[in-house]
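Report on one structure; see the data block that follows.
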Amino acid sequence: MTDLIVEADGGSRGNPGIAGAGALVRDRQGALLAVKAVPLGKASNNVAEYTGLIAGLELARQIDPGASVEVRMDSKLVVEQMSGRWKIKHEDMKRLAQEASQILSPLQVTYTWIPRAENADADRLSNEAMDASAAGRQWDPAASALRVG
């Protein structure tokens, strides 16, 4: 049974270009427990997607390091690579996948691909991160469209 749900996304305006990542954690009932957006400066879309995953897993670990976690992403590439079904060839992605796999035990985490329309909140956070990146500033959680509690 899943204890926590991580929704993560990343994007790049240009590839590479101004990039950002976003992640959130929900409980089983769908209540929002944590949000995070990460401005990345210039990066590829894939690096941004992996950064969103890492941010989400770190949030989940902070909430409950022993939780069973379902990661939901609209990146088929990241879901398939982290599930072990697709090889990771690019060095940056290998490094990021390795980092992600060490945040929680791989036995605690499952990966589910979801359509982009079902990932709107994580997409919103990644766009907030890209806006902050384009403006040369940090993401301000107090100004976010998504609020915890």
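The values are calculated or read from the model by the stated rules, or taken from the named source; none is laboratory data. All values reported here derive from a predicted model rather than from experimental measurement. Here Cβ is always computed from backbone atoms with ideal geometry, including for glycine, and neighbour counts include all displayed protein chains. In case anyone asks, the SASA skips ligands and DNA or RNA and just uses the protein heavy atoms, side chains included. Shrake-Rupley method; radii C 1.70, N 1.55, O 1.52, S 1.80 Å.
Restricting attention to region 100-117, the residues that are in a helix (DSSP H, G or I) and within 19 Å of Ala34 (Cβ to Cβ) total 2.
Kindly indicate the residue of region 72-82 that is assigned to a helix (DSSP H, G or I) and buried (at least 19 other Cβ atoms within 10 Å of the Cβ) and also farthest from the chain's Cα centre (by Cα) among those meeting that condition. Here the residue is Gln81. Restricting region 131-144 to residues that are of a type outside the set (Lys, Arg), in contact (Cβ under 8 Å) with a residue 24 or more places away in the chain and open to solvent by 10 Å² or more (accessible area, probe 1.4 Å) leaves a set whose member that is farthest from Gly52 (Cα to Cα) is Ala134. Screening the candidates Ala48, Ala23 for the property of being in a helix (DSSP H, G or I), among the aliphatic types (A, V, I, L, M), in contact with a strand residue (DSSP E or B) (Cβ under 9 Å, 6 or more places away or on another chain) and within 19 Å of Asn127 (Cα to Cα) yields one hit, Ala48.
Selection of region 128-140 for residues being touching a strand residue (DSSP E or B) at 6+ places or on another chain (Cβ under 7 Å) and not in a loop (DSSP other than H, G, I, E, B) yields Glu128, Ala129, Met130, Ala132, Ser133, Ala134. Please work out which residue is surrounded by the most Cβ atoms within 10 Å (Cβ to Cβ), limiting yourself to region 33-71 and to residues that are free of Cβ contacts under 8 Å to residues at least 40 places away in the same chain, of a type outside the set (A, V, I, L, M) and more than 16 Å from Ser105 (Cβ to Cβ). Of everything passing the filter in region 33-71, Asn45 is surrounded by the most Cβ atoms within 10 Å (Cβ to Cβ). Looking only at residues of region 15-32 that are crowded, with 17+ Cβ neighbours inside 10 Å and aliphatic (A, V, I, L, M), we find that the one that is nearest to Trp139 (Cα to Cα) is Ala21. Only a single item in (1) farther than 23 Å from Ala142 by Cβ; (2) in contact with a helix residue (DSSP H, G or I) (Cβ under 6 Å, 6 or more places away or on another chain); (3) in a strand (DSSP E or B); (4) open to solvent by less than 10 Å² (accessible area, probe 1.4 Å) is not met by Ser12, and it is number (4).
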